[in-house]
Amino acid sequence: MYGFSMVKTMRTHARKLDKSCRDYVMTMYKPFRRTPCFLHKPLERFLKRVTKLSVIIQFENKCLHEGCKEFDAIVKKYVRCKRKRTFSSISCCSATITPQALEDLLSSCHSLKKIFLNREVTAFLDTAVEASHAQQIVRQGNEVTGEGVNIAIIDTGVYPHEDLNGRITGFVDFINNRTDPYDDNGHGTHCAGDAAGDGSASGGLYKGSAPRANIIGIKALDKNGAGSLATIIEGVQWCLDYNESNPGNPIHVISMSLGASAQQYEDETDDPIVQIVNEAWDAGIVVVAAAGNSGPEPSTIASPGISRTILTVGALDDRDTADRTDDDVADFSSRGPTIYGIEKPDILAPGVDITSLRAPNSSLAKSQKGDQMADYITLSGTSMATPICAGIIALILEVNPDLSPDEVKERIKNEVDLWDDRDPNIYGAGYINGERAVPEN
């Protein structure tokens with residue numbers, strides 16, 4: 001096995017390839033176990049020419065332009081290779097390449113820092129708002145509703161539901177390139193309602209935590225709730241570019257009810273999806289990400305929730321009541337520490353049996369016909385807890401728009417309902433309390 005040229009290349013340049021990429025390339029060699037030795041070299045040459053890899057190419061800092069030029073010059077010699085989109089904030093581009101081109105890039109591209117497999121990223125599948133004390137918060141004689149605050153939902157899209165009427169102020173589609181808001185899965189629409197539904201279709205019964213906030217839908221996951229590192233990174237990069245173009249009306253919060261299994265790098269900031277959410281945070285956007293639904297095992301926090309910078313949300317079971325005495329963490333909610341030893345999640349929010357917006361004809365609507373209502377659907381997961389938290393952040397920013405992401409995170413974590421002697425890697429700082437977290441002025 002070690003005599004093959006591609007294997008030698010990977011061993012020589014191991015630090016420039018993430019483990020997922022190395023493992024994927026090694027799967028090429030499975031057929032060799034059943035192939036006569038004299039056919040190995042011609043078979044390897046064939047596989048190196050025809051196998052396609054979807055990757056994220058990272059160049060050295062501030063070398064994106066130079067790196068892309070080098071990349072283009074190298075891969076033009078090979079068929080089936082194409083550079084796709086660039087992500088300027090983290091000096092990366094997405095691309096499709098063959099192993100043959102990969103060998104050349106590793107040995108010849110001087111600006112190359114690392115190559116990542118463009119691995120899959122997926123979505124994490126009424127009393128919740130009351131239980132999180134985010135209902136009818138009044139400051140200076142006025143109810144706080146999130147009005148004027150823009151929440152970006154990076155997910156499966158957003159259906160123009162009655163409960164969001166007039167408040168879907170932007171939409172972009174990185175899956176099918178459609179221009180009008182839609183959601184063929186339903187997950188993103190539910191999350192948008194968790195954050196900002198106003199309850200119009202239910203007489204005010206099923207409201208989100210910020211019922212007057214604006215929603216910007218970013219479709220980065222397909223009708224099956226699946227996307228990739230590239231589509232998620234592209235979604236966050238779009239938010240950064242949007243804010244540069246709209247400084248007077250920027251995106252204030254990004255809600256990400258999605259993730260991928262955390263990969264072990266030398267440091268968490270080597271993970272490209274962590275890099276891009278950290279860039280958004282540093283640019284003034286509060287990023288809220290789901291912890292994941294892989295509990296109750298420890299060290300199951302997903303990426304980008306592993307970022308120590310952003311706000312990571314676990315799910316709490318409020319037992320369908322506003323009373324706190326019977327509450328506990330949801331069994332499925334992912335636990336810390338992260339694979340880098342950092343305490344997570346940061347906070348818990350309601351995530352069990354959450355009733356929110358239904359996208360007609362979506363995959364979720366079709367799969368849960370049963371007793372579901374025409375306008376609403378009930379789901380559980382850290383996916384639901386995350387936008388509920390994002391909505392409460394919108395309330396905070398309505399009252400004090402000058403707070404930095406770090407200051408918002410501090411308020412969310414400090415103004416909680418606490419349990420005594422509970423593991424922070426299960427319960428975070430405690431149970432979110434909107435009434436306490438929203439400033440007095």
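The values are calculated or read from the model by the stated rules, or taken from the named source; none is laboratory data. Model, not experiment: these values are computed from the prediction. Counting neighbours? That spans all protein chains shown, and the Cβs are built from the backbone with ideal geometry, glycine included. For the accessible areas, the whole protein counts, side chains as well, though only heavy atoms, and no ligand, DNA or RNA atoms are used. Shrake-Rupley method; radii C 1.70, N 1.55, O 1.52, S 1.80 Å.
With the condition kept exactly as written, say whether any residue in the stretch 325-333 is out of contact with any strand residue (DSSP E or B) (no Cβ under 8 Å at 6 or more places or on another chain) and open to solvent by less than 10 Å² (accessible area, probe 1.4 Å). Within the stretch 325-333 (the criterion being out of contact with any strand residue (DSSP E or B) (no Cβ under 8 Å at 6 or more places or on another chain) and open to solvent by less than 10 Å² (accessible area, probe 1.4 Å)), the answer is no, since none of the residues qualifies. Taken together, the residues in the stretch 221-257 that are touching a Cys at 6+ places or on another chain (Cβ under 8 Å) and open to solvent by 20 Å² or more (accessible area, probe 1.4 Å) amount to 0. Scanning the stretch 136-177 for residues that are within 25 Å of Asp222 (Cα to Cα) and more than 20 Å from the chain's Cα centre (by Cα) returns Pro160, His161, Glu162, Asp163, Leu164, Asn165, Gly166, Arg167, Thr169.
A quick yes/no check of all residues on (1) hydrophobic (A, V, I, L, M, F, W, C); (2) within 26 Å of Ile301 (Cα to Cα); (3) at pLDDT 95 or above:
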| position | (1), (2), (3) |
| --- | --- |
| Ile90 | yes, yes, yes |
| Ala95 | yes, no, yes |
| Glu103 | no, no, no |
| Leu125 | yes, yes, no |
| Val129 | yes, yes, no |
| Glu143 | no, no, no |
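For Ala230, indicate whether it is under 20 Å from Ile377 (Cα atoms), of a type in the set (A, V, I, L, M) and assigned to a helix (DSSP H, G or I). When the stated conditions are applied, Ala230 does not pass them. Taking Ile392 as the residue in question, decide whether it is within 22 Å of Pro439 (Cβ to Cβ) and open to solvent by less than 40 Å² (accessible area, probe 1.4 Å). Yes; evaluated as a whole, the condition is true for this residue.
Meeting the requirement of 1 or more residues that are of a type in the set (S, T, N, Q), the strands (runs of 3 or more DSSP E) wholly within the stretch 326-441 are 354-357, 376-379. One residue alone among Ile254, Ile216 is modelled with pLDDT of 95 or more, part of a strand (DSSP E or B) and out of contact with any Ser or Thr (no Cβ under 9 Å at 6 or more places or on another chain), and that residue is Ile254. Pairing each residue of the stretch 101-122 that is of a type in the set (Phe, Trp, Tyr) with any residue that is modelled with pLDDT under 95 and surrounded by 20 or more Cβ atoms within 10 Å (Cβ to Cβ), provided the two are 6+ apart or on different chains, yields C-beta distances under 7 Å for Phe116/Asp18; Phe116/Cys21. The residues of the stretch 204-220 that are open to solvent by less than 10 Å² (accessible area, probe 1.4 Å) and of a type outside the set (D, E, K, R), listed by number, are Gly208, Ser209, Ala210, Ala213, Ile215, Ile216, Gly217, Ile218, Ala220. Being outside any helix (DSSP H, G or I), touching a strand residue (DSSP E or B) at 6+ places or on another chain (Cβ under 8 Å) and either closer than 25 Å to Ala394 by Cα or open to solvent by less than 40 Å² (accessible area, probe 1.4 Å) (or both) narrows it down to one residue among Gly314, Gly284; which is it? Criteria check complete, one pass: Gly314.
Tell me yes or no: at least one residue of the stretch 77-87 is modelled with pLDDT of 95 or more, open to solvent by 50 Å² or more (accessible area, probe 1.4 Å) and among the polar types (S, T, N, Q). Yes - at least one qualifying residue is present in the stretch 77-87.
Scanning the stretch 21-41 for residues that are surrounded by 12 or more Cβ atoms within 10 Å (Cβ to Cβ), closer than 24 Å to Gly235 by Cα, under 33 Å from the mean Cα position of the chain (by Cα) and at pLDDT below 95 turns up at least one hit. Among the conditions (1) open to solvent by less than 10 Å² (accessible area, probe 1.4 Å); (2) of a type outside the set (Lys, Arg); (3) under 12 Å from the mean Cα position of the chain (by Cα), Ser261 misses just one, which is (1). With the condition kept exactly as written, say whether any residue in the stretch 62-70 is closer than 21 Å to Arg11 by Cβ and either open to solvent by less than 70 Å² (accessible area, probe 1.4 Å) or touching a strand residue (DSSP E or B) at 6+ places or on another chain (Cβ under 6 Å) (or both). No, the stretch 62-70 contains no residue that is closer than 21 Å to Arg11 by Cβ and either open to solvent by less than 70 Å² (accessible area, probe 1.4 Å) or touching a strand residue (DSSP E or B) at 6+ places or on another chain (Cβ under 6 Å) (or both).
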